[in-house]
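First comes the structure, then the notes that go with it.
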Amino acid sequence: MLKRKIYDKLIAWKKKSNGQTAVLIDGARRVGKSYIAEMFAKNEYKSYIMIDFGNTSREILDLFENETTELDLFFGKLSAYYSSILYPRESIIIFDEVQQFPRARQLIKYLVADGRYDYLETGSLIRLKKNTQDIIIPSEEEHLEMFPLDFEEFLSAIGNDASIPLMKSCFENRVPLGPAVHRKIMNDFRQYVLVGGMPQSVLAYRDGKNFEAADEVKRSILNLYREDVTKFASGYEEKVLSVFDNIPGQLSKKEKKYRFNSLGNTARFREYEDSFVWLAEAMIVNTCFNATDPNVGLALSADYSKQKCYMADTGLLVTHAFMDSSFTNNDLYKAILFNKLDVNEGMIMENAVAQMLRCRGHKLYFYSRSDNINRENHMEIDFLISENKKISPVEVKSGDYRFHSSLDKFRRKFSGKIRNPYVLYSKDLMKKDGILYLPLYMAMFL
């Protein structure tokens, strides 16, 4: 069993909603939506019915298409088909993979209004036009985004719950953890980066600390994503796959902005914009946009034609980078485990930070400005986050840092707008010259 934080959010929804809304768990494929939905139903309700629209019978589809005007009979047939008694206000009906049958999603409005039962939906690719074009999206639907396991959930999965309160306390009080504890947590963090947060990968690794077993799972997930592209991105699947396949190469460059000429000498953003949107809406990637005017409303100045494209799960990125080679030839595993990352491989830690910030609820933005005439204006900041009505710049250093000239220039140029400048690196917490240096794993507290 894996502890997931979203479970507490489902508990809060049930208490607050009291049947007035349905809840939709939106997330990438294989992120654990169905598992957490069924566990919640088993633990919190007297009975439940789980309808998997990715693999259900014609009888059930006909029931939804033709027999929903008489709800007493509708519920009676559902109860009989699934051999589960439904109790008013004590039962929940789960619409699993609801994007496969949008008609069921549209019915939520009327089912919620009826008030007899609670409703939970799960969906992948749920925001794609193909899955919503012929239905009215119910306003009675609350959304919860589900991400791969974060580092805290991963620690719990491998049996290390004790480190979490200490990490939080040290972060809040701005004090180092000490060499021995920091070294142990960094070792756990490197394992997390390699395994990633996809539940099947974590479970495969947990039983025997087997990286190869986790890698095998991740390869199957990446192949599943490619199959989804051909199925759901009909008409421009080749462009989506081109963008997807180029992600590791783009992130390995010093400047990690996606270079469209890598897709073809004449490639332009407008030709591939739908491909980036598709991958983001499928929650396969985390896109990070250039905020040209660093203010609290970062979205207002976002240049969407200049973006970085991170994998939503760093473990998948590690496997994706060596997808054409065997596990034994994946040098990234050795480099990460023994803290021997070179400059290009630093993409892994930056991707991990992007993943942690996204799980924390941040939309992702960076700052990039080129100025070869006045070098004081030439700078690149990895991430910008809003904190207490100001901006905090975040720099990621995969190994031993020496310089952070861009951060220094950013601080001088936007001094009145900055809350906290951060450097995330592989060493213990430290404050120096107005900068807070944090271990990489503490990105999850920002």
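Quick one: which residue in Phe147, Phe189, Phe154, Phe171 is touching a helix residue (DSSP H, G or I) at 6+ places or on another chain (Cβ under 7 Å), within 28 Å of Leu446 (Cβ to Cβ) and without any contact (Cβ under 8 Å) to a residue 60 or more places away in the chain? The conditions single out Phe154.
Of the helices (runs of 4 or more DSSP H) lying entirely inside the stretch 216-296, those containing at least 3 residues that are over 20 Å from Gly196 (Cα atoms) span 237-245, 269-281. Of all residues in the stretch 352-364, those that are on the phi < 0 side of the Ramachandran plot and in a helix (DSSP H, G or I) have Cβ atoms under 9 Å from Cβ atoms of residues that are polar (S, T, N, Q) and crowded, with 22+ Cβ neighbours inside 10 Å, 6 or more apart or on another chain, in Ala352/Thr314; Ala354/Asn286; Ala354/Thr314; Gln355/Asn286; Gln355/Thr314; Leu357/Asn286; Arg358/Asn286. The residues of the stretch 71-105 that are under 21 Å from Gly27 (Cβ atoms) and modelled with pLDDT under 95, listed by number, are Glu97, Val98, Gln99, Gln100, Phe101, Pro102, Ala104, Arg105. If the condition is being closer than 14 Å to Ser47 by Cα, assigned to a helix (DSSP H, G or I) and of a type in the set (A, V, I, L, M), then the stretch 71-115 contributes Leu78, Ala80. Using the structure shown, decide if Asn339 is at positive phi and either in contact (Cβ under 8 Å) with a residue 12 or more places away in the chain or part of a helix (DSSP H, G or I) (or both). Against the criterion (at positive phi and either in contact (Cβ under 8 Å) with a residue 12 or more places away in the chain or part of a helix (DSSP H, G or I) (or both)), Asn339 qualifies. In this structure, is Ile185 of a type in the set (A, V, I, L, M, F, W, C) and within 24 Å of Gly27 (Cβ to Cβ)? No; evaluated as a whole, the condition is false for this residue. Applying the set (1) loosely packed, with under 13 Cβ neighbours inside 10 Å; (2) at pLDDT below 95; (3) assigned by TED's automatic domain parsing to the domain that holds Pro88 to Thr68 leaves exactly one unmet item: (1). Scanning the stretch 396-446 for residues that are in a helix (DSSP H, G or I), closer than 18 Å to Asn295 by Cα, of a type in the set (A, V, I, L, M, F, W, C) and in contact (Cβ under 8 Å) with a residue 40 or more places away in the chain yields a single hit, Phe410.
The values are calculated or read from the model by the stated rules, or taken from the named source; none is laboratory data. If you're wondering where the values come from, they're calculated on a predicted model, not measured in any experiment. No Cβ is skipped: glycine too gets one built from the backbone with ideal geometry, and neighbour counts run over all protein chains shown.
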